[in-house]
Each structure stands twice: as C-alpha cells, then as structure tokens.
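Q: I am attaching a structure below and will ask some questions about it afterwards.
The values are calculated or read from the model by the stated rules, or taken from the named source; none is laboratory data. These figures come from a predicted structure and were not determined experimentally. Note that we place each Cβ from the backbone using ideal geometry, even for glycine, and neighbour counts take in every protein chain shown. These accessible areas exclude ligands, DNA and RNA; they are computed on the full protein's heavy atoms, side chains included. Shrake-Rupley method; radii C 1.70, N 1.55, O 1.52, S 1.80 Å.
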Amino acid sequence: MSKDESTEMESLRKRSSVTSFNASNPSTIDTSSPPEELDLTKRSSWFPWDVQVVEWDVLLASTAIKLLLFPSYRSTDFEVHRNWLAITYSLPISKWYYDTTSEWTLDYPPFFAYFEKLLSIPASLIDPRIVDLNNLNYSAWSVVAYQRTTVILTELVLGVAVLRFIRGSVDPSIQRIISASLFLHPGFLIIDHIHFQYNGFMFGILLWSILMARNGNKLVSGILFAILLNFKHIYMYLAPAYFIYLLRSFCLSPTYQLQTKNFVSLANAVIAVFVVSLGPFIVMGQIPQVLSRLFPFTRGLNHAYWAPNFWALVTAADRVLLKYARRTGADIPINISGVASTSRGLVGDTVFAILPNIQPIHTFIITIAWQSIWLIKLWRTPTYKSFLTALTLCGWTSFLFGWHVHEKAVLLVLIPLSLLASERQAYFRTFIIASVAGIFSLFPLIFTPGESLVKVIYSTLWITFIYVPLSRRVYEFPKSLSYVILDTLEKIYLAGFPFLLLFVSLFPMLGNRWQGSNVAQTNNTCLSTDSFSCPDPEPSAPASFSASALEFLPLMTTSVYCAVGLVWGFLRLMYVYLNETTYQGQLSGIR
C-alpha cells in the first residue's frame, strides 16, 4: 500500500469514527469510545435515509422476484406458521405451548409467539379462516399472499441493517457488494421465500447486533442478541462468543478490573429481556412445558436429510464399513438395528451398524471443547474482527458437531462469514468454499421443476456477482508449492458441483429404469413435508442394492460432498484465525 493510500485510509477511519485498535499489535485493547462516536449517534438515525439509486434498484428487483414466487412450492413450514397464527389468536397465552390440535405445535421461544400474535391480528381481518384453529392445511390465496407478504416486509429489518453497514465503512464500494450479497442471499430466497420461514427477519436482528458491536455500542449489541435468543433459540450456537466478547471488552478493563457500571447495566438489560419474554410463563409455572417444546432431544443425531456436517461423514463412513464387512466377511461386529437406520431418510434415533453410537452428551462435549479454542483467542484479543471471526467459528462448530442439526442452520455460518469475505484471500476462499457447499446443501429442500431452475440460476448469478469483484480485490497468487497444490485441490472440489447437480438431477430417471419405480418420490415427500413419517424400507429388501437405499442416494451424496467442503472451510478458518497475529489489509465492515 502506498503512502498516499495509507493517508487516505486513515482519513476515512477518522471521518467514520473507526473503533480504534493497534494493527501491529492486535492484542491491544481499546474499550474507550471513539472521539466522534457521540456526535455520530446524534446525527444519524437507525434508518439510513440517504438511500442511493442503486440501493433502491436492489430492493425493487429483489421484491419483484419475491412477488413472482408467491405461487411457488411451499413446504409444510407454511402450514406450521399459519397454525401458529391460529394458536396465538384463538387461544389464551396459557394454552399456547400445550395445544396439540395440529401436529405442528408451537416450538419457538415466546418472542416469536408474540410476533405471530401480532401478525394474526391483520390476518383475522383479511380472512378469518386463516386464524381458525381447526381449519388445518388451509391454502387459499388469501393466506398465501398474506404470509408471503409478511416475510417480505419483515425482511426489511435485514435490509436496513445491511445499509447501515455501508454507512461509515472503510470502503463503501466493497461493503455495498457484501451488503447486497447478504440481502440477496440465495439461502433466504430458498428457505424464506419458497420453502417459507422468517430467517431474513431474525438474521436482520443479528446483523443489527453485530453492527452495534462494530460501532462500539456493546450494550445495545448485547440487548439485541438477548432479544434474538428469545425469537429463536438456535442462536444459542453463537451465545458463547457474545458472552466472552462482552465480558472481556465491555465489563472488564484492559487490566481485568471489573467495570461495575457496565456489568450491572448489561446484566440488568439482558435479565429484563428474558423477564419480558418468559415472565408470563414463569408466573403460570409453565417453564418446564416451554422448555420441553424448545428442546426435543428425543429426535436422533441426524435430520431426515443429513445436514452436511461432521456427523454426515461419520454416518456415511459407517455405511461404507458395513458394505466392506458384508462383502469381505470380515470379523467385525454388526449392530443389526443399525443396518437400515442410517440410510433410510427418517427422523429418529440414528443407530450405527459398525461405529459406536453417538449420544447428545457426546455432541455437547465435542462442541464445547472446540468452541473453547476460539473463545480463548477471543478473550486475549477482544477486538471487533476477532469477535466476528470467533462468532462465525462458534456457529460453524455447533453446525458441524451439534445434535440433530437441520441443513437450514448453515445460514448461521454463511451470514457472519460474509462480513469477513473481503478481508484477504484466505478469508475470501473460505467464504467461497463454504458458500458454494452451504447453498448447494439447501437445494434438496426445493425439488419441484420450476423452482429447481430458479434456485440454480439465481444461486449461480449470486456467486458470480460476489466472486468477480471481490476476487479482483483480494486475490493472492500461491507463493509455495504446497499452496499451489492446495489451491488446485480446492478448485477441483468447486468444479465438482456442476457434476453433482447433474447426478442428482438425472438419478431419478436412472433409478426408474433400474427399479421400475420413481425412487425419488418418497425422498422428496420426506423433504417437502418434514412430517417425519416416511415409510420404513421393506424388511425383505436386499441391503446391498435395495430401492430404499437407492432413493436416499442423491441426498446422501449431496450431504457428504457438501460436508467435505464445510468441514474443510471450518479447518481453513480455524487455521487463519489462530495463526493471524497481525491484521493485514482492511475489513470493509470494521470501524
């Protein structure tokens, strides 16, 4: 970097009230407020009113796409949320977490229940049948349009957050690309606007919390995260990073002296959030019932479609060992109950045929052990960048090693990782590998022909939009033979995804020819309904090449191939984070 460029960057930092840290010594802690931070707070609002033309264009274009998807495929998550509208509207709060009228019982924390209650009021005015508790599987155009619209409108929380990331960033042009990539993320299109959920809204709250940490407003950052936890408890995956960061940088001084005022303020604020959320249920003595809904540990290690994590690789390895034992007659003990368990695409206890079985306590210990590595590093260097990287790794660790992880939880990795993408080549390549593998792992959620074309084209355009400008900014030619080999292997892995797409697309037709039946039908039904009621394989079916084994093969292949990329990306980011002693380059989102 030239001297002139350095001077200009420093000027940008000062004008933007950049949170100070010593680039040559990242362990230096500066918990004081930037000189201009108070002035910035006074002259800016939470909504960036100076929206530029290109930003309006992104909003209008994305909204048009989402409107066109109104009549598209919907999973039973659509009926889940419609039923929650009915529960919160029709029943008193004392019965919300007890109702079993539908199989889709309320199993999100109270803030989300209050959110559904709020949405149920206009729904009752638009069409009273939407909030009729006994009107199960209601799919009239009124409910479709209303629920799709609520997803679009609530996602504006995310839109405003990513705009705020641009304002005051070190490099607004690069941050604008990253912000656009977050708002247009294929994960949100697939899961929220086709499959149907409210992830954009909740990740918007998360990004607001991260933004407040970036701006040095750590009290508000902690409050927003506490609010988020009471919307969806899956964000507990990220809680350890928040706890260490806020404790070390906000509640303790650089010399480890307790900042009593900060500690009490944060503790009281977080407690107040939980009291508002859980208070009514504490008074009614319903906390055990609420917790039983939130944490159903009776489900198995794997979801029906294996999330592309470490356990997918272990489960696949168990199947390979079973095939080996049967073909060679090796003297290896075989658990008969595990022969069909791990390859049939069901929700329930995952029983291994060869390898030792995994229990929830095992996944918990492994997750905590891995997370402690990032948390120790974060404790020593509680800067914003260190927090953001540790936050990403905590979510990644929980995704890879957690119990009964859903494939949709990969967004907990991809969203915060996006904010690191422009740092330098090591982060960018990790981002690309994780994004391609993570987004592809969501493809099986959408299997209908029209929507399948949309997901592939949209995701391809998205990754191209990100890759071209960011690669020009951060690309570094490999400097040693080992890096050349590593770079080549990673490119080969990424080049395999078109072939994987071709395989999973053509396999049902080949399966029909081999088996004389549609081998994808049962598999797709399992994914579309999430009903956990797919039929067991016939006991008499040959284990080596049965229809029940073949019908799960495309999903298993997708899960395992994507898991390889996500595990490798995890190890990559871990190495970069633990070995980074200086902050080279710049992070466009850092202040």
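Q: Taking interchain pairs and intrachain pairs at least six residues apart, which have beta carbon atoms under 7 angstrom, with the first residue in the stretch 317-342 and farther than 8 Å from ALA353 by Cβ and modelled with pLDDT under 80 and the second of a type in the set (Ser, Thr, Tyr) and in a helix (DSSP H, G or I)?
A: Correct list of pairs: ALA330/TYR324.
Q: Moving on. So which of SER124, SER94, SER139, SER120 ends up being outside any helix (DSSP H, G or I) and farther than 24 Å from LEU59 by Cβ?
A: One residue alone meets the criteria, SER139.
Q: Does ILE287 satisfy being at pLDDT 90 or above and open to solvent by 60 Å² or more (accessible area, probe 1.4 Å)? Talk me through it step by step, then tell me what you get.
A: On the way: at pLDDT 90 or above: yes; open to solvent by 60 Å² or more (accessible area, probe 1.4 Å): no.
Judged against the criteria, ILE287 is not a match.
Q: Within the stretch 171-205, how many residues turn out to be open to solvent by less than 10 Å² (accessible area, probe 1.4 Å), farther than 19 Å from GLY438 by Cα and in contact (Cβ under 8 Å) with a residue 60 or more places away in the chain?
A: Selection size over the stretch 171-205: 1.
Rundown of residues vs (1) closer than 24 Å to ILE234 by Cα; (2) touching a helix residue (DSSP H, G or I) at 6+ places or on another chain (Cβ under 6 Å); (3) in contact (Cβ under 8 Å) with a residue 12 or more places away in the chain, yes/no style:
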{"position": "LYS95", "(1), (2), (3)": "yes, no, no"}
{"position": "GLU103", "(1), (2), (3)": "yes, no, yes"}
{"position": "TYR108", "(1), (2), (3)": "yes, no, yes"}
{"position": "PHE112", "(1), (2), (3)": "yes, no, yes"}
{"position": "LYS117", "(1), (2), (3)": "yes, yes, yes"}
{"position": "PRO122", "(1), (2), (3)": "no, no, yes"}
{"position": "ASP127", "(1), (2), (3)": "no, yes, yes"}
{"position": "VAL131", "(1), (2), (3)": "no, yes, yes"}
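Q: Taking the stated definitions as given, is LEU566 open to solvent by 10 Å² or more (accessible area, probe 1.4 Å), closer than 22 Å to PHE443 by Cβ, assigned by TED's automatic domain parsing to the domain that holds PHE399 and at pLDDT 50 or above?
A: No, not satisfied.
Q: Here are some conditions: (1) among the hydrophobic types (A, V, I, L, M, F, W, C); (2) in contact with a helix residue (DSSP H, G or I) (Cβ under 7 Å, 6 or more places away or on another chain); (3) at pLDDT below 90; (4) open to solvent by less than 50 Å² (accessible area, probe 1.4 Å). PHE399 meets all but one. Which one does it not meet?
A: Looking at each condition in turn, PHE399 falls short on (3).
Q: Of a type outside the set (Val, Ile, Thr) and within 24 Å of the chain's Cα centre (by Cα): is that true of LEU224 in this structure?
A: yes
Q: Checking the condition out of contact with any helix residue (DSSP H, G or I) (no Cβ under 6 Å at 6 or more places or on another chain), surrounded by fewer than 22 Cβ atoms within 10 Å (Cβ to Cβ) and at pLDDT 90 or above, which residue from TYR583, TYR575 passes? First the steps, then the outcome.
A: Numbers: TYR583 fails: at pLDDT 90 or above.
Exactly one residue qualifies, and that residue is TYR575.
Q: Okay, moving on. Give the residue, chosen from LEU67, LEU12, LEU59, LEU85, that is among the hydrophobic types (A, V, I, L, M, F, W, C), surrounded by fewer than 19 Cβ atoms within 10 Å (Cβ to Cβ) and at pLDDT 95 or above. Working first, answer last.
A: Numbers: LEU12 fails: at pLDDT 95 or above; LEU59 fails: at pLDDT 95 or above; LEU85 fails: surrounded by fewer than 19 Cβ atoms within 10 Å (Cβ to Cβ).
Of the residues listed, the single one that is among the hydrophobic types (A, V, I, L, M, F, W, C), surrounded by fewer than 19 Cβ atoms within 10 Å (Cβ to Cβ) and at pLDDT 95 or above is LEU67.
Q: Does at least one position in the stretch 303-314 carry a residue that is loosely packed, with under 13 Cβ neighbours inside 10 Å and out of contact with any Phe, Trp or Tyr (no Cβ under 9 Å at 6 or more places or on another chain)?
A: no
Q: Of the conditions (1) touching a residue at least 12 places away in the same chain (Cβ under 8 Å); (2) over 16 Å from GLY569 (Cβ atoms); (3) in a helix (DSSP H, G or I); (4) among the aliphatic types (A, V, I, L, M), ALA353 fails just one. Which one is it?
A: (3)
Q: Determine, yes or no, whether TYR493 is part of a helix (DSSP H, G or I), under 14 Å from GLY569 (Cβ atoms), open to solvent by less than 70 Å² (accessible area, probe 1.4 Å) and at pLDDT 95 or above.
A: Here the answer is yes, as TYR493 does meet what is asked.
Q: So, one more: Scan the stretch 160-195 for residues that are outside any helix (DSSP H, G or I) and modelled with pLDDT under 95 and jot them down. Before you say what the answer is, go through the steps one by one.
A: Step one: list which residues in the stretch 160-195 are outside any helix (DSSP H, G or I), which gives 167-171, 184-185.
Matches in the stretch 160-195: ARG167, GLY168, SER169, VAL170, ASP171.
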